[in-house]
Amino acid sequence: MKAKRQNKILELIETYNIDTQEEIARLLKEAGFKVTQATVSGDRRELKRTKISAGSGNQTYSVIA
């Protein structure tokens with residue numbers, strides 16, 4: 001389940017301009033995953049995802065290889 005959830009997080013980050021962990025949690029819940037913000041935070045750290053400048057002063061999570 002963890003691997004599926006983390007793969008979904010990567011998919012979401014690649015698909016949407018996400019700027020908060022709460023938004024990731026909401027999208028995961030909409031996709032059928034039961035998560036908390038703390039779970040998303042841990043997954044994000046494990047996946048080594050960070051925010052980058054979106055160009056308009058905003059920052060979004062990014063998939064960086």
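Within segment 45-57, which residues are part of a loop (DSSP other than H, G, I, E, B) and surrounded by 11 or more Cβ atoms within 10 Å (Cβ to Cβ)?
Our first condition is that a residue be part of a loop (DSSP other than H, G, I, E, B); within segment 45-57, this holds for 47-49, 54-57.
Residues satisfying the conditions are Leu47, Arg49, Ala54.
To keep it simple, each residue is scored yes or no on (1) surrounded by fewer than 16 Cβ atoms within 10 Å (Cβ to Cβ); (2) assigned to a helix (DSSP H, G or I).
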| position | (1), (2) |
| --- | --- |
| Arg5 | no, yes |
| Leu10 | yes, yes |
| Glu14 | yes, yes |
| Asp19 | yes, no |
| Ala25 | no, yes |
| Lys29 | yes, yes |
| Lys34 | yes, no |
| Val40 | no, yes |
| Asp43 | no, yes |
Task: Residue count, segment 23-40 (criterion: closer than 18 Å to Glu11 by Cβ and either within 11 Å of the chain's Cα centre (by Cα) or aromatic (Phe, Trp, Tyr) (or both)) - done: 9
- [ ] Quick one: count up the residues across segment 1-51 that are at pLDDT below 90 and in contact with a strand residue (DSSP E or B) (Cβ under 8 Å, 6 or more places away or on another chain).
- [x] 8
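The values are calculated or read from the model by the stated rules, or taken from the named source; none is laboratory data. This is a predicted model, so every value here is computed, not measured. All Cβ positions, glycine included, derive from the backbone under ideal geometry; neighbour counts span all protein chains shown.
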